[in-house]
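Visitor: I have a structure I would like to understand better, so I am pasting it below and will then ask my questions one at a time.
The values are calculated or read from the model by the stated rules, or taken from the named source; none is laboratory data. Keep in mind the model is a prediction, meaning the values are calculated, not measured. No Cβ is skipped: glycine too gets one built from the backbone with ideal geometry, and neighbour counts run over all protein chains shown. Calculation scope for accessible area: heavy atoms of the full protein, side chains included, ligands and nucleic acids excluded. Shrake-Rupley method; radii C 1.70, N 1.55, O 1.52, S 1.80 Å.
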Amino acid sequence: MIIALGQMAAWLFTGHWIPTNMIAVSIAITGMMFTRIGSMKIAFILLWLFFIYDVFWVFLSHFIFGTSVMLSVAGPVSQLSLPLVIAYPRIFAKYSYSLLGLGDIVLPGLFISYLYRLKSSTAIQLSRAGLSYYAIALIGYVTGFVVTIAMLVVIQSGQPALLYLVPGIFIPVTIVAWRRGELRTVWSPPPLDPAPDVEQGQAPPAELSSPTETLPSEVGGNEDPRPDDEVEVATLLHK
């Protein structure tokens, strides 16, 4: 709590890009913690739709609105406002900062976290030969991000990061899964999440049962289960 309050105070009173980025990263991590996807099919639909969305607003929107909407909104800025982007200083440029939207982190991160749960799940058996799909996706994300930075430097214009990130993680994972004969399993697997207690490393709760009782039938027929004193009193009264 103290650390969080310190970050907020640093952002409010200084507006520096480091506390801004720390808060933005915290928001991204929280989003990935509380949002999960259950199959590659859902990730495919989600990410490729945002791929089209990103490309349209960066490269095609100027045909309709006369200017690129995404570049005008998320382009390089000289002053930071809300901590909803990752900002980093530009050294050889007119503006002070370049921005990376949280969607470029969270959306691919949802797919990568799904692949991590797929690797860790005991519900299905995948090939252990070579790199896991999780590692392949991580390498693809880093490669796509490096290509994005390179295109920014070469073209000197804003780029839709998902244009490089989405193919960078989907194409290698799809090819490897197809070659291993596991594409159908990765595409739509059975439920991956175990019960909460098992997920936390605890033993599943035992079934509730009543204490063992000695029944008349278990001790040999019609023997009276009452205490000896009660049996003697009942016998005297009967006589």
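Visitor: Determine how large the accessible area of residue 187 is when every protein chain is in place; take a 1.4 Å probe and give Å² rounded to the nearest 10.
Guide: Approximately 90 Å² for this residue.
Visitor: Which order, highest average first, do 55-63, 98-106, 161-169 follow once you tally other Cβ atoms within 10 Å for each residue and take the mean per peptide?
Guide: 161-169, 98-106, 55-63
Visitor: A further question on this structure: Please report the carbon-and-sulfur percent of the accessible area for the range 124-184; probe 1.4 Å, protein heavy atoms only, DNA, RNA and ligands left out.
Guide: Carbon and sulfur atoms account for 70 percent of the accessible area of the range 124-184.
Visitor: If you don't mind, there's one more thing I want to ask. Please state, rounded to one decimal and in Å, the Kirkwood hydrodynamic radius that the range 127-184 gives when every pair of distinct Cα atoms enters the mean of 1/r.
Guide: About 12.2 Å, per the Kirkwood formula over Cα pairs.
Visitor: Still on this structure, I have one more. Using protein chains only and a probe of 1.4 angstrom, how many square angstrom of residue 88 are accessible, to the nearest 10?
Guide: Accessible surface of residue 88 is approximately 70 Å².
Visitor: Determine the distance separating the Cα centre of the range 13-34 from the Cα centre of the range 114-175; give it in Å without decimals.
Guide: If you average the Cα positions of each part, the centres end up 23 Å apart.
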